[in-house]
Structures are given as C-alpha cells and as structure tokens.
Amino acid sequence: ADKIPENFRIIKIGSYIRHDKIINVGRVPEEFYHLYFNCSDFYITVSIEEGFNRPIIESMGSGIPVIAPDTPLYRDLLADAGIYFNPSLNADDIVELINSIDEEQRLLFSEKVLLRADFFSEDVLINKYINIYKAVLDNCL
C-alpha cells in the first residue's frame with residue numbers, strides 16, 4: 001500500500017503487517033476497542049470469512065463509518081450504513097476509496113452507523129428473543 005497518504009496512519013489490530021504507515025498493536029482485549037474507535041475516522045474490515053463481527057457493531061456504536069467487503073454478510077449487518085468495496089480489490093484500491101470520501105460523506109455515514117447500531121442494542125435484541133420464544137410457545141400450546 002505505497003499510495004497511503006502522508007497524513008494517514010493505519011492501526012492494525014491482530015496479525016502483523018510490515019509497513020511504515022501501519023501501527024501494529026497486536027492482540028487487543030475487547031474492552032479496549034472503544035479507545036481505538038474514538039480516535040479513528042473509519043473502521044475497515046477486509047475479512048470475507050468472518051461470522052457475526054462484534055467489533056463492527058462496537059465501532060458503529062461509536063459513530064465510526066465502516067468500510068467492508070460487499071458480501072451478503074456485511075450487507076445484512078450494515079444495510080445502507082456501510083461503505084462497500086469489491087472483495088477482490090487490493091490495499092491501494094481501498095486507500096483510493098478512502099481518499100474519495102470527503103468529510104461531509106464521512107459525517108453522513110457516521111450518522112447512518114449510529115442509527116444502524118440501535119438495531120443491535122441490548123433492548124432491541126432482548127425484545128426480539130422474547131418475541132421468538134413467545135411465538136414458539138404459542139405454536140406448542
């Protein structure tokens with residue numbers, strides 16, 4: 001990713017990537033994710049094999065726009081609040097995508113992810129489970 005602009009720094013959680021613009025922090029306990037989200041402009045995931053991605057939900061709750069591969073999983077998770085890219089793109093293409101997003105667009109996606117995060121709030125999920133259990137019990141009785 002030689003096209004990373006001078007003012008960009010990428011904080012990489014997890015496996016190490018060697019690059020002068022990447023700050024590798026290794027494994028981070030989940031309770032500290034919010035510290036990284038609060039100083040970030042975007043949350044980027046490139047995984048196409050991930051299951052339910054809790055860090056994405058946490059970044060959404062922090063109002064951090066999410067950039068993710070255009071796959072059914074992320075479409076279900078993010079809906080219209082996601083910024084999507086073709087999974088076959090390379091790192092330079094993703095950097096170009098980031099550069100194409102102006103501050104007004106970033107703020108719009110920040111608002112969208114906050115609204116979408118409400119869909120996964122504890123109260124909403126509890127009510128969904130209660131309704132599922134009620135429906136199952138109604139069908140059994």
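The values are calculated or read from the model by the stated rules, or taken from the named source; none is laboratory data. Remember, predicted model here, so these are calculated numbers, not experimental data. Positions of Cβ are generated from backbone atoms using ideal geometry, with glycine treated the same way; all protein chains shown enter the neighbour counts. With ligands, DNA and RNA removed, areas are computed over all heavy atoms of the protein, side chains included. Shrake-Rupley method; radii C 1.70, N 1.55, O 1.52, S 1.80 Å.
Sequence-ordered 3J(HN,Hα) estimates for segment 66-77 from the Karplus curve with 6.51, -1.76 and 1.60 and θ = phi - 60° stand at 10, 10, 9, x, 7, 10, x, 4, 6, 5, 5, 6 Hz, glycine and proline given as x.
Please compute the net charge surrounding Phe109, taking Lys and Arg as +1 and Asp and Glu as -1 over other residues with Cβ under 14 Å from its Cβ. It would help to have the intermediate numbers written out before the result.
Values: positive: Arg106, Lys112, Arg116; negative: Asp41, Asp80, Asp102, Glu103, Glu104, Glu111.
It works out to a net charge of -3.
Taken over segment 58-134, the convex hull of the Cα atoms encloses 90 Å³ per residue.
GNM on the chain, alpha-carbon springs under 10 angstrom: the most fluctuating residue among Ile130, Ile48, Ile94 is Ile130.
In this label model, Thr71 and Glu49 are separated by 0.9 nm, measuring between points 7 Å along each Cα→Cβ vector. Using a probe of 1.4 angstrom and keeping all protein chains present, the accessible surface of the chain works out to 66 square angstrom per residue.
Please find, in a Gaussian network model of the chain (springs between Cα atoms separated by less than 10 Å), the residue of Pro87, Pro29, Pro55 whose mean-square fluctuation is greatest. Judging by the Gaussian network model, the answer is Pro29. Checking (i) 108; (ii) 134; (iii) 97 against the coordinates, the calculated volume of the Cα convex hull per residue in Å³ falls under label (ii). Helix 103-118 and the longest principal axis of the C-alpha atoms of the chain enclose an angle of approximately 30°.
Quickly estimate the mean residue ellipticity at 222 nm for the chain, helices only: each DSSP H run with n ≥ 4 gives -39500 (n - 2.57), and the total goes over all residues, rounded to 500. Show your work: numbers first, answer last.
On the way: 6 runs with 65 residues, N = 141.
Counting only the DSSP helices, I get -14000 deg cm²/dmol.
Largest GNM mean-square fluctuation among Gly82, Gly63, Gly51, using the chain with Cα springs under 10 Å: Gly51. List every residue whose amide H lies under 5 Å from the amide H of Val66, counting only residues 5 or more places away in sequence or on a different chain, with H placed 1.01 Å from N in the peptide plane. Result for Val66 returns Tyr43, Ile83.
Sorting check: for 64-71, 102-109, which peptide has the highest mean count of neighbouring beta carbons within 10 Å, and how do the rest follow?
Working: 64-71: 21.4, 102-109: 12.6.
Highest-to-lowest ranking by the protection proxy: 64-71, 102-109.
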